[in-house]
Amino acid sequence: GTNAGSFAGAISALNRTSDVEVYLDWGRTFVQTNITGPVSGTNVLYGAHMAFVVSITPNTNAAGQIVSYTLRYMDDPRQQDGSASNQVHAMTILPDGRDVRYTNSNVQLAGVVGFFIEDVTTAAVPEPSLFGLFALGTGLAAWLRRRRNT
């Protein structure tokens, strides 16, 4: 696996039918207790999450430039409750990874941190009947050879 870190890399991997996970940051709020001073006071971290990517769709403007992406991902919203209840969610992400829901809010750094891509290649596995025919042919050849020698 690799951390592609880009939407283009993740889309390419999805097109190859690779598994793609997304690292989502739910953001943080920095409370400034003094308007002219540095950020201080209560800082709230909303957490982060890994989820499986279902699809990534580029959204373009009239000039064909990508202005955002629609990210569809699947996860279990109540993890560690002993019940698998995966749900598909959608969110709109700017090209720089920011979640558009928080672009005009006091929540910062919410969005996509990166992607984890699992490129798995599979080798062709012969059908079981092929093994049976091979064993039968080998056995027959050995029997014929032994019969000729006697």
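The values are calculated or read from the model by the stated rules, or taken from the named source; none is laboratory data. Keep in mind it's a predicted model, so treat the numbers as computed, not measured. A quick note on method: Cβ atoms are made from the backbone with ideal geometry, for glycine too, and the neighbour counts reach across all protein chains shown.
Name the residues in segment 83-104 that are of a type outside the set (A, V, I, L, M, F, W, C), modelled with pLDDT of 90 or more and assigned to a loop (DSSP other than H, G, I, E, B), would you?
Pro95, Asp96, Gly97
If you scan segment 60-88, which residues turn out to be more than 22 Å from Ala8 (Cβ to Cβ) and surrounded by 13 or more Cβ atoms within 10 Å (Cβ to Cβ)?
Selection gives Asp75, Asp76.
So that you can scan it fast, the table gives a plain yes or no per residue for (1) acidic (Asp, Glu); (2) in contact with a Lys or Arg (Cβ under 9 Å, 6 or more places away or on another chain); (3) at pLDDT below 80:
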{"residue": "Thr70", "(1), (2), (3)": "no, no, no"}
{"residue": "Asp81", "(1), (2), (3)": "yes, no, yes"}
{"residue": "Ala110", "(1), (2), (3)": "no, yes, no"}
{"residue": "Phe116", "(1), (2), (3)": "no, no, no"}
{"residue": "Ala123", "(1), (2), (3)": "no, no, yes"}
{"residue": "Gly132", "(1), (2), (3)": "no, no, yes"}
{"residue": "Arg145", "(1), (2), (3)": "no, no, yes"}
